[in-house]
There are 2 protein chains.
Amino acid sequence: MKITVLIVDDHTILREGMASLLSGSDDIEVVGMASSGEEAVNLVPELNPRVILMDIVMAGMNGLEATRWIKEQNADVKVIIISSEVTREYVTQGIKCGIDGYVPKDANREEVVTAIRTVAGGTKFFDEAITKLIFEDYYSREKDGRRRSTKSPGVGLTKREYEIIEQVASGKSNQEVADALFVSVKTVETHKKNILDKLGLKNSLQLVRYAIKNGIISLDEE
Amino acid sequence: MKITVLIVDDHTILREGMASLLSGSDDIEVVGMASSGEEAVNLVPELNPRVILMDIVMAGMNGLEATRWIKEQNADVKVIIISSEVTREYVTQGIKCGIDGYVPKDANREEVVTAIRTVAGGTKFFDEAITKLIFEDYYSREKDGRRRSTKSPGVGLTKREYEIIEQVASGKSNQEVADALFVSVKTVETHKKNILDKLGLKNSLQLVRYAIKNGIISLDEE
DNA sequence: CCTACTCTAAGGGTTTTCCCTGAATTCTGA
DNA sequence: TCAGAATTCAGGGAAAACCCTTAGAGTAGG
């Protein structure tokens, strides 16, 4: 039995390239591709893949949101995040979303294949750099301020607030953010206000700066 | 005779994926890969490829600078830029650097292969969206004020516009920018509008992103 | 000198953001 | 189970940003 894989990325070349790359492995079969989080969510019940390779930065629903949706409906699917940016934020958020692996985009073919086989076998797969990051984070959390338990690290922004930041910092208007997250503009406004207050910022422009500065979003890709 | 190709991208997966993708074409042969502009410049004399697929956003020397270097030493090499970002800036700058083609990252295999064959044959290849952008630009230049000839890059930003960007991207409101530069809010609005138009952006949030991404402002201090 | 270009600015209208308040669910930890 | 978060949303008003047009003053090049 081959390991069935679904590839989710909004760049056609990366998608096709990845598929072509994986076609060299006898035990792996790419059964589908999606160019957005929404598409992925819809395709999963139909294709029922064993592993999903998911880009994190995508227009509309991002990889982590999509992962949450998918895991909610089918907890058996394994999700590997492929991101060009390895930030604390992404990793911790990703883990909270239940991802099974995290591979940086500058990994090579071998690493990707190993990651797929590993998570298909039920084990988590995290790249060396990511493991290091997780440990560091764990260590510093233990050290500086006792357990912040479930709370997100830092200023105390919530999960949803981080999602809002990602959207806003990618240059979207309130309306566009609302559409992307399937909530009303009023909700987005409220979240945004809370975020600005918590971070001590004055407007959305400063929020974009903050987000980029603190690695909440990545600048490459779109 | 196959068309020899060099792939330059700092993402391993994209690099390998692209190579794998192109291996399906009998008339194309990937003779080398580089993960940076510097590496590419060094590899060209040795490998002497006919076509180079070059990412634009890379750490260190970016794709356009690398293209200038390479073209200076070997004008026969054809360079195709593969960018996830299709902005007026990149395209016009790219053309000035002597690129032979420009393909967005969301193009598919077919487009890339066609692009390679086209430029190898000595013809420029520009994606539909890019052609549109160029024509629009050409048209608007003809319309509103003839050739701007010598002066700045036609669509280039003026000195004042860069000053405005710096201010805006540091998180200031229009009023604050106006105060800082001793002009009226209306002037700031006008400048901002012109900048957004020139860069093909939709709002100030995207301008902040653009400014940081392109190093117009730094994130330290302030 | 004429032309293109930059920088400045205003008028006037539309849309979006920002602010403040209030409030109904759902989640979650103790 | 119960209080406190977190998430959702609304109304209404003030402020800011955005859009479109027009236009004068200054400047550099042919």
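Observations
- Scanning the stretch A:154-168 for residues that are more than 7 Å from DNA strand D (Cβ to nearest atom) and either more than 14 Å from chain B (Cβ to nearest Cβ) or exposed (fewer than 14 other Cβ atoms within 10 Å of the Cβ) (or both) yields a count of 5.
- A:LEU205 satisfies every condition listed in (1) more than 12 Å from DNA strand C (Cβ to nearest atom); (2) not in a loop (DSSP other than H, G, I, E, B) except (1).
- Apart from one condition, A:VAL77 fits all of (1) within 20 Å of A:ASP10 (Cα to Cα); (2) at pLDDT 80 or above; the exception is (1).
- Across the stretch A:12-43, the qualifying residues are those that are away from every other protein chain (no Cβ under 14 Å) and crowded, with 22+ Cβ neighbours inside 10 Å, and the one among them that is nearest to the chain's Cα centre (by Cα) is A:GLY37.
- Reported count of residues in the stretch B:41-68, each being modelled with pLDDT under 90 and assigned to a loop (DSSP other than H, G, I, E, B), is 7.
- For the stretch A:169-189, a residue qualifies if it is near DNA strand C (Cβ under 6 Å from one of its atoms) and either in contact (Cβ under 8 Å) with a residue 60 or more places away in the chain or more than 9 Å from every other protein chain (Cβ to nearest Cβ) (or both), and the qualifying residues are A:ASN174, A:GLN175, A:GLU189.
- Condition check for A:GLY32 on (1) over 29 Å from B:SER35 (Cβ atoms); (2) modelled with pLDDT under 75; (3) not in a helix (DSSP H, G or I): one failure, at (2).
- Condition check for A:LYS193: within 12 Å of DNA strand C (Cβ to nearest atom), out of contact with any Leu (no Cβ under 8 Å at 6 or more places or on another chain) and charged (D, E, K, R): yes
- Taking the criterion of being farther than 16 Å from A:PHE182 by Cα and surrounded by fewer than 21 Cβ atoms within 10 Å (Cβ to Cβ), the residues of the stretch A:45-75 that qualify are A:PRO45, A:GLU46, A:LEU47, A:ASN48, A:ARG50, A:LYS71, A:GLU72, A:GLN73, A:ASN74, A:ALA75.
- Pairs where the first residue, in the stretch A:109-121, is closer than 15 Å to A:SER23 by Cα and the second is part of a helix (DSSP H, G or I), C-beta under 6 Å, 6+ apart: A:ARG109/A:LEU21; A:ARG109/B:GLU16
- The stretch A:44-65: number of residues that are closer than 11 Å to A:LEU6 by Cβ and away from chain B (no Cβ under 14 Å): 8
- Residues in the stretch B:13-44 that are basic (Lys, Arg) and more than 26 Å from B:TRP69 (Cβ to Cβ): 0 in all.
The values are calculated or read from the model by the stated rules, or taken from the named source; none is laboratory data. Note that the coordinates shown come from a computational prediction; the quantities given were computed from them, not determined experimentally. Reconstructed Cβ throughout: ideal geometry from the backbone, glycine too, with neighbour counts over all protein chains shown.
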